[in-house]
Ligand code: ADP
């Protein structure tokens, strides 16, 4: 690519063309690297539950272990986990596809957030979480189902990563151009050095801790894809052991 044609009146155009080709080659290289990484991550995520099921069933078939309800339950839990990972991957593939079609209608963020909270009533009650909702969400043109998915994913994390008795605060506000919703929790928080990576696929802060909570590390990647497709943005702030705050901005 280091070609240069001196003294030619078209040198600038050629330089620009070469620049574009370089840029394209660069981005294709990055895409290829991402694709490889994704395949490796999927294989890794699925291998763990599959190995666990295999070990349990083999031991029961060979008579090393009695087939107790607890052991069958443990296999069943791993199967559910595989089901969740594949469902999440399907959602991610859909929202990341180039031709993602957004079915935009007028939606109200406060109303959608209230509905989303309803999905977690059982866990909220079980964990005695305090939920508050402030502000007035403005109307935005957006895809109702996809934005519901965004709110559900963020709330699911807030509920999952906030210990018993904690609080979750949802605030809707707006500026001239943006509708904004923040979901703030008093949960376990995210270490500062891990915060920049939480929107990456399969990223889970402190992996051992999260195996217990059964996360797959795809929820926030889906959030980011959907919000970006709407021309909006999502940001995370957090302090370890104090809580996290996720802010979504959507163009009005
Ligand atoms: P997961 O299915 O693991 O929750 P996500 O993509 O939704 O995947 O989140 C990625 C990681 O970001 C989580 O594993 C967790 O470490 C961290 N995280 C996300 N939301 C929160 C939160 N509200 N509080 C603490 N950690 C969070």
Handout entry: Kirkwood Rh and Cα Rg combined as Rg over Rh, evaluated for the chain
Key = 1.09
Exercise for the section: Any chance you could give the angle, 0 to 90 degrees and rounded to 10, that helix 109-118 forms with the longest Cα principal axis of the chain? Expected result: 30 degrees
Exercise for the section: Between the alpha-carbon centers of the range 6-51 and the range 165-204, tell me the distance in whole angstrom. Expected result: 30 Å
Completion exercise
Quick calc, residue 44 & residue 79: beta-carbon distance into FRET formula, R0 25 Å, rounding 0.05, result 0.90
Practice task
Kindly express, to the nearest 10 degrees and within the range 0 to 90, the angle between helix 11-61's C-alpha long axis and the longest C-alpha principal axis of the chain.
Solution key: 10 degrees
Practice task
Name the shape class, rounded, prolate or oblate, that the alpha-carbon gyration tensor gives for the range 109-185, where a ≥ b ≥ c are the square roots of its eigenvalues, rounded holds for a/c under 1.5, and otherwise prolate holds if a/b is larger than b/c and oblate otherwise.
Solution key: prolate
Problem - Cα gyration tensor shape for the range 79-138, rounded if a/c is under 1.5, else prolate or oblate - result: oblate
Practice task
Note down the relative contact order for the range 121-252 as a percent, whole number, built from C-alpha pairs under 8 angstrom at least six residues apart.
Solution key: 29 percent
Fill in the blank from the handout: For the chain, longest principal axis from Cα atoms; helix 144-160 axis from its Cα atoms; angle between them, nearest 10 degrees, is 50 degrees
Practice task
Starting from the Cα gyration tensor of the range 56-196, take the square roots of the eigenvalues, sort them a ≥ b ≥ c, and report rounded, prolate or oblate (rounded when a/c is under 1.5, otherwise prolate if a/b is larger than b/c, else oblate).
Solution key: prolate
Practice task
Along Cα→Cβ, 7 Å out, is where each label goes; now give me the distance between the ones at residue 62 and residue 193 in nm to one decimal.
Solution key: 4.1 nm
Practice task
Run through the DSSP bridge list for the chain and note the antiparallel percent, rounded to the nearest 5.
Solution key: 85 percent
Practice task
State the extension gain, in nm to one decimal, for the chain segment bounded by residue 71 and residue 12, taking 0.36 nm per residue of separation less the distance between their alpha-carbons.
Solution key: 14.3 nm
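No lab work stands behind these numbers, since they all come straight from the coordinates. Being a predicted model, the structure only gives us computed values, none of them experimental. Glycine gets a Cβ as well: all are built from the backbone with ideal geometry, and neighbour counts include every protein chain shown.
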